[in-house]
Amino acid sequence: MLKILLVDDDQVVLTVTSELLKILGHTVFCAEDGAQARILVDSEKEIDLVLLDISLPDVSGLELFPELLEKHPGLYVAICSGNIFEVNEEELKKNGVSEVLCKPFDIHELHDILQRVEQK
């Protein structure tokens, strides 16, 4: 199963998504902001997937994902946003983001991402 870092400042999103991922058998680490995400990335050597909200209280997910990729080259990063106009998917993918996931996402979209990561 996968080790997943879930970064979102919305407590409902963190709780519901992490519980769902745990039910599916994955290990989930949760962070409410960029500072917590950095600590978890530094302490965990094998993260398979990061589900990263674009709007965090202390840093933009757009600023944070290059740092995560630097520490874990090849890391599968899915940027999550509630505002599709906030992201340029083509530009993000050119810079190393694997997926752009629009909130609210459903179980099928999440499942598809998990399968792609597992096949990697």
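The values are calculated or read from the model by the stated rules, or taken from the named source; none is laboratory data. Model, not experiment: these values are computed from the prediction. FYI the Cβ positions are ideal-geometry reconstructions off the backbone, even for glycines, and counts take in every protein chain you see.
Would you pick out the residues in region 42-60 that are small (Gly, Ala, Ser) and closer than 21 Å to THR27 by Cβ?
SER43
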statement: Residue hits (region 57-91; small (Gly, Ala, Ser), modelled with pLDDT of 90 or more and crowded, with 16+ Cβ neighbours inside 10 Å) are GLY61, ALA78
query: With ALA37, ALA31 as the choices, which residue is crowded, with 19+ Cβ neighbours inside 10 Å, out of contact with any Leu (no Cβ under 6 Å at 6 or more places or on another chain), of a type outside the set (Lys, Arg) and under 21 Å from SER98 (Cβ atoms)?
result: ALA37
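State yes or no: is GLU67 assigned to a helix (DSSP H, G or I) and under 23 Å from HIS108 (Cα atoms)?
Taking the combined requirement at face value, the residue does not satisfy it.
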Where a residue in region 92-120 is closer than 15 Å to THR17 by Cβ and its partner, wherever it lies, is at pLDDT below 90 and hydrophobic (A, V, I, L, M, F, W, C), with Cβ under 6 Å and at least six apart: CYS102/ILE84
- prompt: Is it the case that some residue within region 13-26 is under 20 Å from ASP112 (Cβ atoms), in a helix (DSSP H, G or I) and basic (Lys, Arg)?
  reply: yes
- request: Examine region 10-23 for a residue that is on the phi < 0 side of the Ramachandran plot and touching a His at 6+ places or on another chain (Cβ under 8 Å), and state whether such a residue exists.
  value: no
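Before we move on, is ASP42 among the charged types (D, E, K, R) and in a loop (DSSP other than H, G, I, E, B)?
no
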task: Please name all residue pairs, on different chains or six or more residues apart, with Cβ atoms under 7 Å, provided the first residue is in region 51-62 and is without any contact (Cβ under 8 Å) to a residue 40 or more places away in the chain and the second residue is of a type in the set (S, T, N, Q).
output: ILE54/SER60; ILE54/SER81
